[in-house]
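Notes for the one structure printed next.
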Amino acid sequence: MPDKTRILLIDDDEDDYIITRDIIDDIPGRHYLLEWTSSFHDALKIVEEKRHNIYLVDYRLGAHDGLELITRAVKEGCSAPFILLTGQSDRETDEKAMRAGALDYLVKGTISPNELERSIRYSIEHAKSLAVIQRLNTELEQRVKERTQELGTAIQKLERTNRSLYEAEQEVRKALQKEKELHELKSRFVTIASHEFRTPLSTVLSSASLIGKYKTTEDDDKRIKHVDRIKSAVSNLTGILNDFLSISRIEEGKIYNVPTVFDLKNFAMQVVEEAQGVLKLGQQIHYQHNSSQTTVCVDKQLLRNILFNLLSNASKYSAEHQQVHFTSTITGGEIIITVQDEGIGIPNADKAHLFTPFFRAQNVTNIQGTGLGLNIVKKYADIMGGALSYESELDQGTTFTITLPQTTEP
């Protein structure tokens, strides 16, 4: 049997506890363990023990209210999600709940078992995603701290040497510039992460709420539509997290080049098939292998990540019904791969910063993305001993070319 999800209901009305217990008992599978407390202060003590996976908090708690309890619990370090229970639905209460730290709110008297189960599940997943963001931010802060210490060490070293004043000044300027860049990187990370997570999470929450309103078989199409929206949003979140984690692993030196022998043509066609899921309406990928030789010896996983990223970008930055051209060639001990789109192109002013982490061109403001994809592709190509180049004209499309060394055996 799966582990039970531990729920704490904080409500000063025992009748509400009995109603909530009955609703949970009606949830299919019933992998939940409900506990109850009616005291505001007792609830805070229980929350400190961190024994529960989620908290259901009534808006009215005697002399106090649920928003006060959520605010205090979050401030004291509670990371488990809170769901506010209210007597009526209104926008002001919703906004207050979100500001206090609640991940959802439900209207008492109208809660169904499916609606409660869905709210609990989505709130727990949302909390996990936020925890990942916080962990990544903490790691970045630690790196800034380490680099700051390196700066202090560099200054001490300068003080112990007999270098000229000019050399000392130049060294300090370089260290300060590196420190500035790290702070800017942290700022861009927080901004991008907050924005990119907010959109898909809002989609999940709104679709989850709307699904609960479709109760008849005639509403199946509407339910499927919102389920697909949720799946798409979750996939987007997964891609963003993978980008963040890939950058972290690359910087820590945990990505290695492990060549294996395989058929490049068959492999490329498999990647094209995978990429079908990200294409817009009417888009097609036209693949062609231009050599009689098809066997290569390179890192298969790194190459797959490079190709999927470039094909995804080609689709993302192109309009519906525009085409993507993908070619591979083995010649002169090299593997040459090109991905060409008919999309929006890259402004000349942005080309110098194209491979900078978190950088996004001026003309992609309405297209989702973290600005990490091309930086990751460039680093993967470097790890494989290859090179990445491109040609682009504004509104005429972009062609990326990957050149990798071809070896005969791993």
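The values are calculated or read from the model by the stated rules, or taken from the named source; none is laboratory data. Source: prediction; values computed, not measured. Glycine also receives a Cβ, built like all others from the backbone with ideal geometry; neighbour counts cover every protein chain displayed. All accessible areas refer to the heavy atoms of the entire protein, side chains included, with ligands and DNA or RNA removed. Shrake-Rupley method; radii C 1.70, N 1.55, O 1.52, S 1.80 Å.
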If the Cβ limit is 7 Å and pairs must be 6+ apart or interchain, which residue in the range 113-131 that is under 17 Å from residue 84 (Cα atoms) pairs with which residue that is part of a helix (DSSP H, G or I) and modelled with pLDDT under 85? 118/208; 122/204; 122/205; 122/208; 126/201
Failed condition for residue 387, given (1) small (Gly, Ala, Ser); (2) under 28 Å from residue 299 (Cβ atoms); (3) exposed (fewer than 14 other Cβ atoms within 10 Å of the Cβ): (3)
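Take the residues in the range 318-364 that are polar (S, T, N, Q) and in a loop (DSSP other than H, G, I, E, B), then tell me which one is farthest from the chain's Cα centre (by Cα).
Within the range 318-364, the subset polar (S, T, N, Q) is 318, 322-323, 327-329, 331, 338, 340, 348, 356, 362-363.
Pick out the ones that are also in a loop (DSSP other than H, G, I, E, B) and you get 318, 322, 356.
On the way: 318: 22, 322: 27, 356: 18 Å.
Among those residues, the one meeting the criterion is 322.
Yes/no matrix, rows are residues, columns are (1) in a loop (DSSP other than H, G, I, E, B); (2) loosely packed, with under 11 Cβ neighbours inside 10 Å:
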{"site": "71", "(1), (2)": "no, no"}
{"site": "74", "(1), (2)": "no, no"}
{"site": "79", "(1), (2)": "yes, no"}
{"site": "84", "(1), (2)": "no, no"}
{"site": "89", "(1), (2)": "yes, no"}
{"site": "96", "(1), (2)": "no, no"}
{"site": "106", "(1), (2)": "no, no"}
{"site": "110", "(1), (2)": "yes, yes"}
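May I ask you to verify whether residue 100 is within 23 Å of residue 132 (Cα to Cα), at pLDDT below 85, among the aliphatic types (A, V, I, L, M) and open to solvent by less than 50 Å² (accessible area, probe 1.4 Å)? Full working, then the answer.
Values: within 23 Å of residue 132 (Cα to Cα): yes; at pLDDT below 85: yes; among the aliphatic types (A, V, I, L, M): yes; open to solvent by less than 50 Å² (accessible area, probe 1.4 Å): yes.
Here the answer is yes, as residue 100 does meet what is asked.
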Being open to solvent by 80 Å² or more (accessible area, probe 1.4 Å) and at pLDDT below 60 narrows it down to one of 150, 181, 196, so name that one. 181
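Identify, please: which residue in the range 271-287 is surrounded by 12 or more Cβ atoms within 10 Å (Cβ to Cβ) and more than 24 Å from the chain's Cα centre (by Cα) and is, among those, nearest to residue 337 (Cα to Cα)?
Narrowing the range 271-287 to residues surrounded by 12 or more Cβ atoms within 10 Å (Cβ to Cβ): 271-272, 274-276, 278-280, 283-285, 287.
Cutting the leftovers down to more than 24 Å from the chain's Cα centre (by Cα) gives us 283-285, 287.
Working: 283: 20, 284: 18, 285: 14, 287: 11 Å.
For the range 271-287, the residue satisfying everything is 287.
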Of all residues in the range 41-66, how many are within 25 Å of residue 109 (Cβ to Cβ) and open to solvent by less than 20 Å² (accessible area, probe 1.4 Å)? 9
Could you go through the range 121-138 and let me know if any residue there is closer than 17 Å to residue 23 by Cβ, under 29 Å from the mean Cα position of the chain (by Cα) and open to solvent by 70 Å² or more (accessible area, probe 1.4 Å). yes
Does any residue of the range 8-20 turn out to be farther than 18 Å from residue 108 by Cα, without any contact (Cβ under 8 Å) to a residue 40 or more places away in the chain and not acidic (Asp, Glu)? no
